[in-house]
Each structure stands twice: as structure tokens, then as C-alpha cells.
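A.B. asks: For reference, the structure I am asking about is given below.
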Amino acid sequence: MQAVREKSDTQRGGGMFPKDFLWGTSVCSYQVEGGNDKWSDWGAWNPRAGAACDFWNRYEEYLDLAKALGTNAFRFSIEWGRVNPASNVWNLEALERYKDMALAMKKRGLEPIVTLWHFTLPKWIEAQGGWSNRDAVKHFGEYVEKTLGILGGEARYWITLNEPTIWLHHGYITGEWPPGEKYAFFRFLRARSNLVNAHKTAYALIKKARPDSIVSVAANISFDEPHRKWHPGDRFLIWAMRMFGDYGFLKETADFCDFVGLNYYFHNRVSWSWNPLRYFARTMNENRVVSDLGWEIFPSGLGKVLVELDRDFRKPVIVAENGIADAADGKRPEFIVSHINAIQDAISRGADVRGYLHWSLVDNFEWAHGFGPRFGLYGMDYKKMQPHERGSCKAFRNLIRELSQN
Ligand code: BGC
């Protein structure tokens, strides 16, 4: 993939998906692996993931399920605390296992896309102040180097950080996630600047170890609009949400990103409020069609965000996450079709989209919501630890088959 977007209409245009388009699913170590409570900060939190989906032991089985969808890519993450459970202590066997996972993906024709940090921190890093301590950047660099030493040869695609400002928001403003601080604006900013440096450090290390690697962050960018287009307060909020959110993070790190990793979930209409504890914002969704988590389903927003990213960054985009909490699986098939249509529409308007990774392969641990929300193409019976196929699998499989034949 060229870091700089080049328009080759022999490969795309007219809404066509490029031949080597990445069709895949995404998971995250803490949410599926199981056994991470021992070394990760979430292990001391409530709720916690416990055995999760036992992906750590059963990854071959899950990768078979991914392959059965007709996908050609798989996004997974490495649990930093598992690999580096204490200062200067390295669990190389764990890294070997991650390498085996990548090999098992390749064996099935799935391009491995590795995320280095997806929300959880080793307990010992957390005890030192986590990302608000500048030392975390150095330790992250050490962890990235060790990881590259074992896994580097097997993966070309790397996502350094997943949704950094979503994590900052929950960890330092709402307190819903570890470290559980509320309205800690100063630490929010300090940790944000350390995360920017962590990305840059990791980017340089990955490029050095593997010059042909393709590296970025996964940014959560929803489609936000002012509730009242004429209202200066509403318009200001949209700007501020962008700049303090993952979009602003991307702006700061764009020179160190080969592509844009986009996680798109929903839509917000935002209205000015005088409550500073709510960031002066109220969301005014009309809640026409929502997910089980109340998130408004708004596929055309994905198209709009893609066109906007193309205008602002001029880089290829991989949709690194997109999905819906839908236990009954009544809305997911249409959700998938409509979001992929929106991508197709954005491509026909010139956006350079190179992949779509659905969140998620299988139901998993949904952070502060525990195991309630069901994001999986495959459902999960946690008591029997048994995944089962949902109707959405067929919808996704058919779509991939149809679109990759174009
Ligand atoms: C995160 C995932 C999460 C998903 C659904 C994304 O923000 O990267 O970890 O499960 O959204 O909430």
C-alpha cells in the first residue's frame, strides 16, 4: 500500500472495490482471549473479562470461523501485560503464541493485522500512572521492540493504538474505565501527549524492523452534526469534539501514518448546553433506529466520514471496525449491507478505501457493559463456551462473494 494516495482508476472508481480489498473481522485480546486478569489493569476492575471466549486456547477454531465467512484479513491485538507482566520481565512464550496465531491466519489466507495496544495496560505500568506518566512511552517502545523481534516477520499491517481518545475519555473524564478518574482534564492532556509520542515511537520502530510495513492508529470517528446548523454553540462543539477526539489525534500523527484506520459506529446530533461537566454538550438523537446500546444506526455517516478523511488526509483508509450490538440479529444483516453500500458510494466519490473489518467475529467482553451487548457475527454461549453462527454470517459471506467478483 502506498502511503500517499494514488488514484488508479484501473483498480477502482465507479464504486468498485479494489481487487486486493481487505475483507475481515476484528477482535481485541482482552475482550476475547481470557486469562488476562492476572496482569492487566482491567483485572482489578469491575466487570472483568475472566475467561472471555477462551480465544487464547482455541484460536484455531475461531480462525476457521473467520475463514468460513470468506474473509481474507483478521485484526487481533497483543496483550501488553501478558507479554511484559512486570518491569523487565518478558514472556517470550506468549509472543511465540502470538506468532503462531499470525501463522495460523496466513495458513487460512487471512492477512494478519496486529494491534499493539487496545485499551488495557500492564498492572505495573498502571501503578506508575499509566499513560499519564512519560515513562510509559519508553516502556511501550521496549514492548514494541520485543514484539517485533518475534512477530515482526509475520505481519505487515500494524495498528499501534486503538482509539486513544475514547480510552482517555473513559479513563480520565467519565471514570468508567481504569484508571477510573473523573474530570481529570490535566492528566487527560498529559496522557494524550504521551500517547502521541508512543505512536510515533512505535511507528519508527516498526518501520526500522520492517520497511515494507503498513502502520497507523485506529481512530474512532463518528458522524457528528450540529443539532441546529445556525447555532454557533452547536457548531463550536462539533469543532471541539473533533479536535479533542481521535480526529485531532490523527491530525497530530498523520505524518506517521501510512493509512487511516477508521472505527465507525454511529451518529450524533450535538447541542450546546451550559453544563461544563457534560463538555457543554447534549446529544439530541432522534433515535430512529438504534442498536441494543442505543447507538443511532446511520450508514450514510460512514460515507460522509470517508469522503471527509479523504479530503483532509489524502491517505488510503481501512475501516478497522464497524458493527452493532444486536442480540436478536434482526438488524445486523441490513446494517452490514447498508454500511458497505456507503463505502461503495464513498469509493465512487473518490475515497481510497482499502478494507472493511467487521466488529466483531464473535460476541465478546464489552468493557463497562460486561458480556451483555452482543457484537458478534457469531453468537456465543458463554456457559458452554460455544460459538454459533448467526444469520449475519450469511449476509456478510454473500456480500463478500458478490463484491470480490466485480
Ligand atoms: C472498541 C472495541 C469495542 C467496540 C464496541 C470500539 O470502540 O475498539 O473494543 O468493543 O468499539 O463498543
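The values are calculated or read from the model by the stated rules, or taken from the named source; none is laboratory data. Keep in mind it's a predicted model, so treat the numbers as computed, not measured. Quick reminder, even Gly has a Cβ in these numbers, built from the backbone with ideal geometry, and neighbours come from all protein chains shown.
A.B. asks: In segment 235-256, which residues are more than 16 Å from the ligand (Cβ to nearest atom), within 28 Å of Ser338 (Cβ to Cβ) and buried (at least 21 other Cβ atoms within 10 Å of the Cβ)?
C.D. replies: The one that is more than 16 Å from the ligand (Cβ to nearest atom), within 28 Å of Ser338 (Cβ to Cβ) and buried (at least 21 other Cβ atoms within 10 Å of the Cβ): Leu237.
A.B. asks: Would you confirm whether or not segment 350-369 contains a residue that is farther than 28 Å from Ser216 by Cα and surrounded by fewer than 20 Cβ atoms within 10 Å (Cβ to Cβ)? Please lay out each step first, then the result.
C.D. replies: Initial filter on segment 350-369 (farther than 28 Å from Ser216 by Cα): none.
Taking every residue of segment 350-369 in turn, none turns out to be farther than 28 Å from Ser216 by Cα and surrounded by fewer than 20 Cβ atoms within 10 Å (Cβ to Cβ).
A.B. asks: Something else now. Return the only residue of Arg108, Arg12, Arg58 being more than 21 Å from the chain's Cα centre (by Cα), modelled with pLDDT under 95 and more than 16 Å from the ligand (Cβ to nearest atom).
C.D. replies: Of the residues listed, the single one that is more than 21 Å from the chain's Cα centre (by Cα), modelled with pLDDT under 95 and more than 16 Å from the ligand (Cβ to nearest atom) is Arg12.
A.B. asks: Could you check segment 205-234 and list, in sequence order, the residues that are free of Cβ contacts under 8 Å to residues at least 40 places away in the same chain and within 23 Å of Glu154 (Cβ to Cβ)?
C.D. replies: Lys207, Lys208, Pro211
A.B. asks: Hey, which of the strands (runs of 3 or more DSSP E) in segment 297-406, taking only ones fully inside, have at least 1 residues that are within 16 Å of the ligand (Cβ to nearest atom)? Full working, then the answer.
C.D. replies: Details: elements: 317-321, 353-359, 378-381, 386-389.
Output list reads 317-321, 353-359, 378-381.
A.B. asks: A further question on this structure: Within segment 93-128, can you find the residues that are among the small types (Gly, Ala, Ser), out of contact with any Phe, Trp or Tyr (no Cβ under 9 Å at 6 or more places or on another chain) and in contact (Cβ under 8 Å) with a residue 24 or more places away in the chain?
C.D. replies: Gly109
A.B. asks: Can we say Gly301 is touching an Asp or Glu at 6+ places or on another chain (Cβ under 9 Å) and in contact (Cβ under 8 Å) with a residue 12 or more places away in the chain? Give the derivation first.
C.D. replies: Values: touching an Asp or Glu at 6+ places or on another chain (Cβ under 9 Å): yes; in contact (Cβ under 8 Å) with a residue 12 or more places away in the chain: yes.
The answer is yes for Gly301.
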